[in-house]
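Q: Please see the structure below; I have some questions.
The values are calculated or read from the model by the stated rules, or taken from the named source; none is laboratory data. Everything quoted here is computed from the prediction, not taken from an experiment. FYI the Cβ positions are ideal-geometry reconstructions off the backbone, even for glycines, and counts take in every protein chain you see. Keep in mind that these areas ignore ligands, DNA and RNA; they rest on the heavy atoms of the full protein, side chains included. Shrake-Rupley method; radii C 1.70, N 1.55, O 1.52, S 1.80 Å.
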Amino acid sequence: MIANYGYKDGSGDYFISINTDMCVECTQKPCQAACPAGVLEIIADDYDDLVAAVREEHRKKIKYSCAQCKPVAGERSLVCLDACSFKAISHSW
Amino acid sequence: MAETGAKKEFWRWKEYNWKNPDLDLSAGKIISGGVDVGSVSSQAVVMVDGELFCYSNMRTGSDSPTSAQRAFDWAIEGTGLTVADIQYIVGTGYGRINVPFAHKAITEIACHARGANYIYGPSVRTVLDMGGQDCKAIRCDDKGKVTTFLMNDKCAAGTGRGMEVFADLLGVSIEDVGELSLTVEEEPEPVSSTCVVFAKTEATGLLRAGWPREKVLAAYCSAMAHRVVTLLERIGVEKEFAITGGIAKNAGVVRRIEQELGISALTTSYDTQIAGAVGAALFGRALAQKEGKQR
């Protein structure tokens, strides 16, 4: 399953996508600890798979939550993507 | 001073309950329930061995637990059933954690996929749910299991709440908006699809410029259709395509979505607003079977 967390508003589309079929294979889930903003959590989804998800409190402000890893200028390093060896995470912006 | 009288609430839609006259409750092995407490509407469904027995569809009040109880009580009214008779109840929707008598809470994404599979059949692969305050695009398999989902609940554009604002602005009953929008001879340019506030401001200007109500409605339905199609295209649209939620009853929006996508939406004789609660009740049945809870 591809879970898309985030929102669309007048300024654009901001979604973090997690491929839960890949994510469930990972036992360590290093992405959660890697995120400096605490955006990610590990949950048992509706099908009882233990997967990463975007925390409820971040879903409507993900553009701002992820801002520290996405500077307007300079090098961009998305630590959650780097931490995920299964390449299960992607960002739409 | 003359009284103007009570202002009509154009956003109000008909609340009701329904019972299946042909289903024998006593013969059922598993009675399961689903309660979908949305931000605008609440539905409660009871199923007997996976068949629809009774349901209610009503406006959500200010208190989610009370709304859940009221919806459920109204659904089972006159059936002889009590909450204790139901082996498994699943809560879903915006207020799913506030259904005090539910055994489990499951997200509305999973429940809408399952519910759409029931009310539209196993051929459905793409579900668009346009709720009161959110919009969900879901892909699922032939068993109603979610394969992809995306939800936008930040913005009223593309939701029932946006349509209620327009119904009230134009003095048209929410139940008549769709058909009235289809009476235009020529399709107008859509109003802003970015924001309901912008759209309303634009619509006010159009009315002042002499646009008739049906033309303004057509412009808004078109804007709403465009907005949700951009969400759908983000996850891809695979046939068959179906719409759940209250907006599925708005022919003006549905027709315009079909035109933008270039495919027809499936139709159903069930009330599209109960899809989430139906899915919840089906999950309840599966969980009751798993836990050995049978009569």
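Matching residues to (1) touching an Asp or Glu at 6+ places or on another chain (Cβ under 7 Å); (2) loosely packed, with under 15 Cβ neighbours inside 10 Å; (3) among the hydroxyl-bearing types (S, T, Y):
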site: B:C54; (1), (2), (3): no, no, no
site: B:A68; (1), (2), (3): no, no, no
site: B:A71; (1), (2), (3): no, no, no
site: B:A75; (1), (2), (3): no, no, no
site: B:A84; (1), (2), (3): no, yes, no
site: B:Q87; (1), (2), (3): no, no, no
site: B:V90; (1), (2), (3): no, no, no
site: B:Y94; (1), (2), (3): no, no, yes
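Q: Being in contact with a Gly (Cβ under 8 Å, 6 or more places away or on another chain) and assigned to a strand (DSSP E or B) is the filter here; which residues of the range B:130-143 pass it?
A: Answer for the range B:130-143, where residues must be in contact with a Gly (Cβ under 8 Å, 6 or more places away or on another chain) and assigned to a strand (DSSP E or B): B:M130, B:C135, B:R139.
Q: Answer yes or no: is there a residue in the range B:86-100 that is assigned to a helix (DSSP H, G or I), under 30 Å from A:D13 (Cα atoms), of a type in the set (A, V, I, L, M, F, W, C) and in contact with a strand residue (DSSP E or B) (Cβ under 9 Å, 6 or more places away or on another chain).
A: yes
Q: Please tell me if A:S77 is polar (S, T, N, Q) and open to solvent by 50 Å² or more (accessible area, probe 1.4 Å).
A: Yes; evaluated as a whole, the condition is true for this residue.
Q: If I go through the range A:22-54 residue by residue, how many of them are surrounded by fewer than 18 Cβ atoms within 10 Å (Cβ to Cβ) and at the interface with another protein chain (Cβ under 9 Å from one of its Cβ atoms)?
A: 1
Q: B:T183: more than 26 Å from B:R125 (Cα to Cα), touching a residue at least 24 places away in the same chain (Cβ under 8 Å) and either part of a helix (DSSP H, G or I) or among the hydroxyl-bearing types (S, T, Y) (or both), yes or no? Walk me through it before giving the result.
A: Values: more than 26 Å from B:R125 (Cα to Cα): yes; touching a residue at least 24 places away in the same chain (Cβ under 8 Å): yes; either part of a helix (DSSP H, G or I) or among the hydroxyl-bearing types (S, T, Y) (or both): yes.
Yes; evaluated as a whole, the condition is true for this residue.
Q: I've got another one for you. Taking A:D13, is it under 26 Å from B:I109 (Cα atoms), at pLDDT below 95 and in contact with a Gly (Cβ under 8 Å, 6 or more places away or on another chain)?
A: Spelling it out, A:D13 is indeed under 26 Å from B:I109 (Cα atoms), at pLDDT below 95 and in contact with a Gly (Cβ under 8 Å, 6 or more places away or on another chain).
Q: Return the only residue of B:S39, B:S56, B:S67, B:S32 being touching a residue at least 24 places away in the same chain (Cβ under 8 Å) and part of a helix (DSSP H, G or I).
A: That would be B:S67, the only listed residue that is touching a residue at least 24 places away in the same chain (Cβ under 8 Å) and part of a helix (DSSP H, G or I).
Q: In the range A:1-21, which residues are crowded, with 17+ Cβ neighbours inside 10 Å and either of a type outside the set (S, T, Y) or farther than 28 Å from B:V229 by Cα (or both)? Walk me through it before giving the result.
A: Just the residues of the range A:1-21 that are crowded, with 17+ Cβ neighbours inside 10 Å, to begin with: A:1-8, A:13-20.
A:M1, A:I2, A:A3, A:N4, A:G6, A:K8, A:D13, A:F15, A:I16, A:I18, A:N19 - these are the residues of the range A:1-21 that are crowded, with 17+ Cβ neighbours inside 10 Å and either of a type outside the set (S, T, Y) or farther than 28 Å from B:V229 by Cα (or both).
Q: Now for a different question. Of all residues in the range B:137-180, which are among the small types (G, A, S) and either over 23 Å from B:I235 (Cβ atoms) or modelled with pLDDT of 85 or more (or both)? Steps first, please.
A: First, the residues of the range B:137-180 that are among the small types (G, A, S): B:137, B:144, B:156-158, B:160, B:162, B:167, B:171, B:173, B:178.
Hits for the range B:137-180 are B:A137, B:G144, B:A167, B:G171, B:S173, B:G178.
Q: Next question, about the same structure. Identify all residues within the range B:104-126 that are among the hydrophobic types (A, V, I, L, M, F, W, C) and open to solvent by 20 Å² or more (accessible area, probe 1.4 Å); write none if there are none. Outline the logic, then answer.
A: Our first condition is that a residue be among the hydrophobic types (A, V, I, L, M, F, W, C); within the range B:104-126, this holds for B:105-106, B:109-111, B:113, B:116, B:119, B:124.
Across the range B:104-126, the qualifying residue is only B:A105.
Q: Separate question: Give the residue that is nearest to the chain's Cα centre (by Cα), with candidates limited to residues of the range B:139-158 that are more than 8 Å from chain A (Cβ to nearest Cβ) and free of Cβ contacts under 8 Å to residues at least 40 places away in the same chain.
A: Applying the filter and picking the extreme gives B:C140.
Q: Same structure again: Look through the range B:76-107, keep the residues that are out of contact with any Lys or Arg (no Cβ under 7 Å at 6 or more places or on another chain) and among the aromatic types (F, W, Y), and return whichever of them is nearest to the other protein chains (Cβ to nearest Cβ).
A: Taking the candidates together, the pick is B:Y94.
Q: Pairs needed: first member in the range B:239-258, touching a residue at least 60 places away in the same chain (Cβ under 8 Å); second member anywhere, hydroxyl-bearing (S, T, Y) and open to solvent by less than 20 Å² (accessible area, probe 1.4 Å); C-beta distance under 6 Å; at least 6 residues apart or different chains.
A: Close Cβ pairs (under 6 Å, with a partner that is hydroxyl-bearing (S, T, Y) and open to solvent by less than 20 Å² (accessible area, probe 1.4 Å)) amount to B:F241/B:T126; B:T244/B:T272; B:A248/B:T272; B:G252/B:S181.
Q: Right, next: Take B:C135 and tell me if it is free of Cβ contacts under 8 Å to residues at least 60 places away in the same chain, open to solvent by less than 20 Å² (accessible area, probe 1.4 Å) and out of contact with any Phe, Trp or Tyr (no Cβ under 8 Å at 6 or more places or on another chain).
A: Here the answer is no, as B:C135 does not meet what is asked.
Q: Next question. Among the residues of the range A:12-20, is there at least one that is free of Cβ contacts under 8 Å to residues at least 60 places away in the same chain and either more than 14 Å from chain B (Cβ to nearest Cβ) or more than 23 Å from B:V90 (Cα to Cα) (or both)? Break it down stepwise before answering.
A: Pass one, the range A:12-20, residues free of Cβ contacts under 8 Å to residues at least 60 places away in the same chain: none.
Scanning the range A:12-20, I find no residue that is free of Cβ contacts under 8 Å to residues at least 60 places away in the same chain and either more than 14 Å from chain B (Cβ to nearest Cβ) or more than 23 Å from B:V90 (Cα to Cα) (or both), so the answer is no.
Q: Please work out if B:V237 is at pLDDT 95 or above, within 17 Å of the chain's Cα centre (by Cα) and open to solvent by 10 Å² or more (accessible area, probe 1.4 Å).
A: Details: at pLDDT 95 or above: yes; within 17 Å of the chain's Cα centre (by Cα): no; open to solvent by 10 Å² or more (accessible area, probe 1.4 Å): yes.
No: the conditions fail for B:V237.
Each row is one residue, and each column tells you yes or no for (1) part of a helix (DSSP H, G or I); (2) open to solvent by 10 Å² or more (accessible area, probe 1.4 Å).
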{"position": "B:L128", "(1), (2)": "no, no"}
{"position": "B:T148", "(1), (2)": "no, yes"}
{"position": "B:M151", "(1), (2)": "no, yes"}
{"position": "B:R161", "(1), (2)": "yes, yes"}
{"position": "B:I174", "(1), (2)": "no, yes"}
{"position": "B:A199", "(1), (2)": "yes, no"}
{"position": "B:G205", "(1), (2)": "yes, yes"}
{"position": "B:C221", "(1), (2)": "yes, no"}
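Okay, residues lined up against (1) polar (S, T, N, Q); (2) within 16 Å of B:Q133 (Cα to Cα):
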{"residue": "B:I243", "(1), (2)": "no, yes"}
{"residue": "B:Q259", "(1), (2)": "yes, no"}
{"residue": "B:L266", "(1), (2)": "no, no"}
{"residue": "B:L282", "(1), (2)": "no, no"}
